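Some notes on the structure that comes next.
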Number of protein chains: 2
Amino acid sequence: MNSTDDNALQSAVPATAGGLAVPAAQARAGRMHGAAFSPLYRQIKALLVQSLDRGDWKPGEAIPSEMELATRFQVSQGTVRKAIDELAAEHLLLRRQGKGTFVATHHEARVRYRFLRLAPDQGVPQPAQSQVLSCGRIRSSAEIARALEIRTGEQVVAIRRVLSFAGKATVVDDIWLPGDVFRGLTTELLGSYRGPLYGLFETEFGVSMVRADEKLRAVTAGDEYATLLQIEPGTPLLQVERVSHTYGDRPMEVRRGHYLTEGYHYRNSLN
Amino acid sequence: MNSTDDNALQSAVPATAGGLAVPAAQARAGRMHGAAFSPLYRQIKALLVQSLDRGDWKPGEAIPSEMELATRFQVSQGTVRKAIDELAAEHLLLRRQGKGTFVATHHEARVRYRFLRLAPDQGVPQPAQSQVLSCGRIRSSAEIARALEIRTGEQVVAIRRVLSFAGKATVVDDIWLPGDVFRGLTTELLGSYRGPLYGLFETEFGVSMVRADEKLRAVTAGDEYATLLQIEPGTPLLQVERVSHTYGDRPMEVRRGHYLTEGYHYRNSLN
DNA sequence: AAGTGGTCTAGACCACGTT
DNA sequence: ACGTGGTCTAGACCACTTT
């Protein structure tokens, strides 16, 4: 792979990616002083995220080897490695020595409990049973629209479900998804699916959740939640508001959960 | 880099560190197959943590330059760099280009809000006022002892305080600390101190908190907390149980907080 | 100008898994 | 035996800060 050298990276990019504002050669040359300077490995990283976003490599699949990518982008293996290092640290990729580097997927025990923080006070986490109560299309409220970065009134999918552990109803989730992306999501599809919701999003809609922000509050159960969770009204519940993001940090889900924290807790680690 | 080769790392270690079980040369030579193999940079990392733990470099101070450490440990700069990279990722060290690498300290805005996750629903976080209600020595309960990895009945410092934001009491914290480490901690010392508690622990007791695990639950306020927070009994509160760790992952604090989440929330990020 | 961390390269070798 | 990621090295140069 010996191009005419200038813009080596750019020319190596698949045609669909279009032109880069700042070709890699520029960073290599060492220009740009007070400006937007971004090192080569970050440009490589951005290209890799683009490929993930485009679905060039699917969740669970291996991406090309470091050497392959290095020759493709006309950089050293070390530079590719540093790009992949960051993506692995962010859990977008998963390295397995001797085997390759794989696209992270929610169809794995490891990754599952990154997003389900409710754990039993004693014993090990048990898989939850999900019961979908409703799933329909509505016009988004201003609040949901803002969080999803769509226009107020645009169509969203609204889901309500109950999660149970060992037969005991523990979580009520209300979920909102952008309607145009999740076309064809129905109660039946949800009901027929085994495994985590984010796994379904991956395989059925090509949406990989990568990061989420949560806001937690303590509230008391009103009649509605009390009935759903079979508890007394006034029982304290942990309210969890979540906005989940896919590859380009694009918000793709809003979720409001109400957790019954009796015998369970929300675990967190401060680093 | 031509020493007499064997045990280059070990001989470079300050005398106080004593002998290493596995000298660096072993990793370099490439022995140890199914065994406990640990790469060179992790051994360097462990040595750096030892130095931090011994207080060779105090919070806020610069550690020696990468080149300096590389010659001291008889490894390449890249190996030292990788060790420091991990410590920086874990927030034990802080890199500042052109200036040096510094020991992380809680006397900084950046690091403060890593451990205080309560944020206002609108606006930017305001500094909290702390009012210490009590501070005394008691025998540890079995529960606290287990968390602090001390014997039941051993002396612990017990602190109760209230945090207020803009004059409104919002948090009640109960804190337990191992008595032998926090000798001389009194209500007066706590009262005379400005700034975060973990800053005081650093400067007065040489204890740097590095990581914490939390368990969150929703509870309702009893008469005690209701009085302290000037709210109605039965108001929902966010209960936060925290175990904080210092260098070497040694537990050094148990804390049970009760947060009033009206106008405030506990923010979290799932990566 | 000098010193620090940050990037990039090229090559050697090791550990792990598959063929 | 081969291909993958993982480690380690040595050297060049860049970006940032201070002298």
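With axes computed from alpha carbons, what is the tilt in degrees of helix B:40-54 against the longest principal axis of chain B, rounded to the nearest 10 within 0 to 90? Once rounded, one gets 50 degrees. Per residue of A:237-247, other chain Cβ atoms within 10 Å of the residue Cβ number 2 on average. Among B:100, B:55, B:123, the largest mean-square fluctuation in a Gaussian network model of chain B (Cα springs under 10 Å) belongs to B:123. Computed from the C-beta positions of residue B:134 and residue B:42, the FRET efficiency with R₀ = 35 Å rounds to 0.20. Going from the fewest other Cβ atoms within 10 Å to the most, the residues A:63, B:138 appear in the order B:138, A:63. Once both labels are modelled 7 Å past Cα along the beta-carbon direction, what's the residue A:203-residue B:155 spacing in nm? Each label point is offset 7 Å from its Cα along the Cβ direction, giving 6.1 nm. With the label put 7 angstrom out from Cα along the Cα-to-Cβ vector, residue B:193 ends up 4.9 nm from the copy partners, going from closest to farthest. Counting Cβ atoms of other protein chains within 10 Å of each Cβ in B:256-268 and taking the mean gives 4. Computed over the Cα atoms of the protein assembly as shown, pair by distinct pair, the Kirkwood hydrodynamic radius stands at 26.7 angstrom. For the protein assembly as shown, what does -39500 (n - 2.57) per DSSP helix run (n ≥ 4), summed and divided by total residues, give at 222 nm, in deg cm²/dmol to the nearest 500? About -8500 deg cm²/dmol.
What's the exposure ranking of B:37, B:165, going from fewest to most Cβ atoms within 10 Å? Walk me through the numbers before you get to the answer.
Details: B:37 13, B:165 18.
With the sparsest Cβ surroundings first, the list reads B:37, B:165.
Distances between equivalent label points of residue B:267 across the copies, with each point positioned 7 Å along Cα→Cβ, amount to 2.5 nm, shortest listed first. All Cα-Cα distances of chain A, cut into 5 Å bins from zero to the largest, leave 1, 5, 11, 14, 15, 14, 12, 9, 7, 5, 4, 2, 1, 0, 0 percent in each bin in turn. Ordered by the count of other Cβ atoms within 10 Å of each Cβ, fewest first, B:225, A:113, A:41 give A:113, B:225, A:41.
Does anyone have the angle between helix B:77-89 and the longest principal axis of chain B? Alpha-carbon axes, 0 to 90°, nearest 10? The angle comes out at about 10 degrees.
Just so you know, all these numbers are worked out from the coordinates, no wet-lab data involved. Source: prediction; values computed, not measured. Neighbour counts run over all protein chains shown; Cβ positions are idealised from the backbone, glycine included.
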